[in-house]
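The block underneath contains the structure these notes are about, expressed in structure tokens.
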Amino acid sequence: MTDAAASEQPRHAPTLLAVDAAGMLCIGGVPASLLAERHGTPLYAIDAALVRTRVAEVRAILPAGMRLHYAVKANPLPELLSLLAKLVDGFDIASLGELQAAVAAGKTGRDLGFAGPAKRDVELQAALDCGAVVNVESAGELARLSALAATGAQRGHAAIRVNPDFELRHSGMRMGGGAQAFGIDAEHVPSILKSWPDTIDFEGFHVYAGSQNLSGTQIAAALHKTYELCRDLAHHAPCPPALINLGGGFGIPYFAGDTRLDLAPIRTALHDIAASARQHLPGTTVLLELGRYLVGEAGVFLTRVIDRKTSRGETFLLCDGGMHNHLAASGNFGQVLRRDYPVWLARDPHAPAIETVNVCGPLCTPLDVLGRQVALPRAEVGDLIAIGQSGAYGASASPSAFLSHPQAGQVLV
């Protein structure tokens, strides 16, 4: 790389993916071209080794006894769940479908935390049947769970999902603070605890203040506030809490200029929390709940160029995959201002860019853009375009039925 090239603004966020000797992008050591030949396109490919590495990195900052849960909503691919079931202590789920997928992967009982507003009775019953901990989001939900438990032979297990009176600042998505559909407002939790139903075992507290945060300092501060809130609420509980779920919110770099999350302040915060819990809440298990941070950077979305055209001075690469396969990369899943995920020409991702193009899918909507005015080497019909940071909120978070195009394939490599 020349000095001039090195001084240029980065074209995209940093990546953990590698290339082979021929320059081809590789996932799990397999060239992207070979994966596309085997499985077709559009295709999500997840690098299992990168998932293992990321879990190990998180384990390394956890104090002894602190548990790690995977948020299944980030990516419920069955093969990925089977891998993660061996690497993490539990799963956090948000639907009956995710519960069934988690059980199929080998997690059950109190290794499952079931969150999410508007749980149907059939979902609450399924949680009771498998012994999962239900993170109740309202007084009404707790009453329905209690009524179901009263009609059966098994006791229920529930924690209170708390809507805190603070938020995780600069998060990609705010999940706590202010008025929320999620959780019970912190100021109302003591009254809920005072009249806790005798058909339900009180398990503890679950707080999730925000997601996709790249500041280790801000995450550390939110973890401290979350723990302190739960410790204060524990004084009102019918028994000492068995668990405190601190949430997560760890972000990954998606866009040019993003920096990777610094885990050092988070490690310090977690060790301080663990020391306090040993003193003030002996017997309480503290856990982290992470989703995208464990799997997001391990995934790539591959789509093939079907046509190349010029329209009024702009070049368009028209591909077989689009927003119906990868809504997040199109900017239509939570982005306020649309920005591009990392976009590469798979056969030579490090080659110098020589043109600016729009990467579009096959849908009849102007929203179907995977890359707008991105700098790439020249791509021809038949080339593979790769979208990085695609291991989380990909296929399962996309409107795959829109216009009845084929769904994207998915493979763990």
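The values are calculated or read from the model by the stated rules, or taken from the named source; none is laboratory data. What you see is a predicted model, and the numbers here were worked out from it, not measured in a lab. FYI the Cβ positions are ideal-geometry reconstructions off the backbone, even for glycines, and counts take in every protein chain you see.
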Exercise. Any chance the range 28-49 includes a residue that's assigned to a loop (DSSP other than H, G, I, E, B) and either over 21 Å from ALA392 (Cβ atoms) or of a type in the set (Lys, Arg) (or both)?
Worked result: yes
Seminar exercise, completed: Over the range 55-107, the set of residues part of a helix (DSSP H, G or I), acidic (Asp, Glu) and touching a strand residue (DSSP E or B) at 6+ places or on another chain (Cβ under 7 Å) is GLU79
Exercise. Within the range 314-324, is there a residue that is surrounded by fewer than 23 Cβ atoms within 10 Å (Cβ to Cβ), part of a loop (DSSP other than H, G, I, E, B) and at pLDDT below 95?
Worked result: no
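Can you work out which of the residues in the range 72-87 that are free of Cβ contacts under 8 Å to residues at least 40 places away in the same chain and not basic (Lys, Arg) is nearest to TYR44 (Cα to Cα)?
So, considering only residues that are free of Cβ contacts under 8 Å to residues at least 40 places away in the same chain and not basic (Lys, Arg), the one nearest to TYR44 (Cα to Cα) is PRO78.
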For this session: Name every residue in the range 123-138 that is out of contact with any strand residue (DSSP E or B) (no Cβ under 7 Å at 6 or more places or on another chain) and either over 17 Å from SER95 (Cβ atoms) or outside the structural domain of GLN180 (by TED's automatic domain parsing) (or both), in order of residue number.
Result: none
For this session: Identify the residue in the range 18-35 that is in contact (Cβ under 8 Å) with a residue 24 or more places away in the chain and under 25 Å from the mean Cα position of the chain (by Cα) and, among all such residues, is surrounded by the fewest Cβ atoms within 10 Å (Cβ to Cβ).
Result: GLY29
Seminar exercise, completed: When every residue in the range 5-32 that is among the small types (Gly, Ala, Ser) and touching a strand residue (DSSP E or B) at 6+ places or on another chain (Cβ under 6 Å) is compared, the one modelled with the lowest pLDDT is ALA18
Seminar exercise, completed: Residue pairs qualifying under the 9 Å Cβ cut-off, at least six apart or on distinct chains, with the first in the range 242-271 being farther than 25 Å from PHE202 by Cβ and assigned by TED's automatic domain parsing to the domain that holds VAL134 and the second being crowded, with 21+ Cβ neighbours inside 10 Å and among the acidic types (Asp, Glu), are ILE252/GLU297; PRO253/GLU297; TYR254/ASP340; PHE255/ASP340; ALA256/ASP340
Exercise. How many residues, within the range 111-124, are buried (at least 18 other Cβ atoms within 10 Å of the Cβ) and not small (Gly, Ala, Ser)?
Worked result: 6
Exercise. Does any residue of the range 260-272 turn out to be of a type in the set (Lys, Arg) and over 26 Å from ALA48 (Cα atoms)?
Worked result: no
Seminar exercise, completed: The strands (runs of 3 or more DSSP E) lying wholly within the range 187-297 that contain at least 2 residues that are buried (at least 18 other Cβ atoms within 10 Å of the Cβ) and over 24 Å from the mean Cα position of the chain (by Cα) are 200-206
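Going by the structure shown, is THR226 more than 25 Å from PHE91 (Cβ to Cβ), in contact (Cβ under 8 Å) with a residue 40 or more places away in the chain and among the hydroxyl-bearing types (Ser, Thr, Tyr)?
When the stated conditions are applied, THR226 does not pass them.
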Seminar exercise, completed: Within the range 328-356, of all residues that are more than 21 Å from ILE27 (Cα to Cα) and either buried (at least 22 other Cβ atoms within 10 Å of the Cβ) or polar (S, T, N, Q) (or both), the one modelled with the lowest pLDDT is GLN335
